[in-house]
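Comments concern the structure below.
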Amino acid sequence: AKGLEFPVVYIVGLEENLFLSQLSINSREHLEEERRLFYVALTRAQQKVHISYATSRYRWGNLVQCEPSRFLEEIDETYLILPEILEGPPI
């Protein structure tokens, strides 16, 4: 989508070890490439970006707890509208 812009962009799966992949954790070069990809995704939106991540997900048949991507911490909070976090068992 390089060069294209859209009214609304959805970025899903923004979790450590998923977006920021596990391969990037130990490599500054890979980390910067993933940061660049995230920036490109953000800047494709003309009006609004929806970002989501899972607090847990099944991976290879096992339920694992997930952490939000470190890239979320780099976004100025004045641009964020955070929903209430739902508590309860995974569905």
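Can you tell me which of (1) surrounded by fewer than 16 Cβ atoms within 10 Å (Cβ to Cβ); (2) hydroxyl-bearing (S, T, Y); (3) at pLDDT below 90 is the one Y10 doesn't meet?
Result: Y10 passes all but (3).
A quick yes/no check of all residues on (1) over 10 Å from E15 (Cβ atoms); (2) surrounded by fewer than 12 Cβ atoms within 10 Å (Cβ to Cβ):
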residue	(1), (2)
H30	yes, no
R36	yes, yes
A41	yes, no
R44	yes, no
T55	no, no
Y58	yes, yes
N62	yes, yes
E74	yes, yes
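The values are calculated or read from the model by the stated rules, or taken from the named source; none is laboratory data. Please read all numbers here as calculations on a predicted model, not as lab measurements. Glycine also receives a Cβ, built like all others from the backbone with ideal geometry; neighbour counts cover every protein chain displayed.
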